[in-house]
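What follows is one structure encoded as structure tokens, with my remarks underneath.
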Amino acid sequence: MRHLIDPLDFTLEETKNILDLADRIKQNPDAYSHVADGKRIATLFYEPSTRTRLSFESAMLSLGGQVIGFAGAEMSSASKGETVADTSRVVSCYADIIAMRHPKEGAPLVASMYSSIPVINAGDGGHNHPTQTLIDLMTIRQLKGHLDNITIGFCGDLKFGRTVHSLVNSLVRYKNNRFYFISPDELKVPAYTIEDTLKPYNSEYYEVSNLEETLPKLDVLYMTRVQKERFFSEDEYLRLKDTYILNREKLNLAKPDMPVLHPLPRVDEISTDVDDDNRAAYFKQVQNGKYVRMAVIMALLEITDPLTGQKVL
Ligand code: CP
């Protein structure tokens, strides 16, 4: 049985197979509309979500399966003190696969150790968000045609942004990618990302603070929200939240084919006048999210692809 807790749980070849399947589902959704008949996903969300929870649920319904779950720890027996370990054992009796979001780093990993069904990490604290990473890879591959030889800029809250940590983890595995980390000092990318991820791969990286100066160098820009929920001090959040605001005027400094990605939700860091620019890719990411999650569910449930006659993993 396989779980998806960290983007590195899939090899490069498996990652490619998942992205290829997501592309096939996107082209031929009807061919996949009954492959998960009789299967159930449990969405266990201990932390707020719009895209991830609803796209997992939409993905399972689009595969012919069904959905159970809770949205908010207060709606579950976690509010009475039940552990993640016990909850995952219990839910294993009701469902075939679990998607779990939790504010504590490592909670989905714990769930996977006690569950008897596959567990997907749907975001754990500031740590990882592997299905978002697959979405980001699918979107970059669609728009740039490749996942190597890319200069990517990550801008905003690089300290708490789990989507950033997850995507860097994955992109270092492709050749000749270069990383610009654009942030204020207080929100720099964690030391462990540099020591444990970038340095072992000899990846070229730069830590900078000026978005305008960096924009012309980039092939891809990944904007992020300052993560209010992870700050200890409201004043500190208010001081930092508007450090970077991408608007149409600043976007004029960028290459004409530089996609702007953002995992969403956004607050003020991308002004709405960017939405009509053909480089705005964040709503394309949302659309890709459903196909990626359909592909991940199929992969972990070991469902045969009706178009190829093969399993994904
Ligand atoms: N991108 C993302 O994880 O969005 P939600 O928090 O709405 O699920």
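Odds and ends about this structure:
- Region 136-180 - residue that is touching a Pro at 6+ places or on another chain (Cβ under 8 Å) and basic (Lys, Arg) and, of those, farthest from LEU12 (Cα to Cα): LYS159
- Residue match in region 83-105 (condition: open to solvent by 50 Å² or more (accessible area, probe 1.4 Å), closer than 14 Å to ILE120 by Cβ, within 16 Å of the ligand (Cβ to nearest atom) and in contact with a strand residue (DSSP E or B) (Cβ under 8 Å, 6 or more places away or on another chain)): no
- Where helices (runs of 4 or more DSSP H) fall wholly inside region 24-130, the ranges with 3 or more residues that are free of Cβ contacts under 8 Å to residues at least 24 places away in the same chain and under 21 Å from the mean Cα position of the chain (by Cα) are 51-62.
- Number of the exception - GLU47 against (1) touching a strand residue (DSSP E or B) at 6+ places or on another chain (Cβ under 7 Å); (2) under 26 Å from ASP37 (Cβ atoms): (2)
- Selected residue [in contact with a Cys (Cβ under 6 Å, 6 or more places away or on another chain) and at pLDDT 95 or above] from ILE194, ILE182: ILE182
- Scanning region 32-51 for residues that are within 12 Å of the ligand (Cβ to nearest atom), open to solvent by less than 10 Å² (accessible area, probe 1.4 Å) and hydroxyl-bearing (Ser, Thr, Tyr) yields a single hit, THR43.
- Helices (runs of 4 or more DSSP H) fully within region 233-313 counting 2 or more residues that are surrounded by 12 or more Cβ atoms within 10 Å (Cβ to Cβ) and at pLDDT 95 or above: 248-251, 282-300
The values are calculated or read from the model by the stated rules, or taken from the named source; none is laboratory data. It should be emphasised that the depicted structure is a prediction, and the values quoted were computed from it without experimental measurement. Note that each Cβ is placed from the backbone with ideal geometry, even for glycine, and that neighbours are counted across all protein chains shown. Note: areas computed on protein heavy atoms with side chains; ligands, DNA, RNA excluded. Shrake-Rupley method; radii C 1.70, N 1.55, O 1.52, S 1.80 Å.
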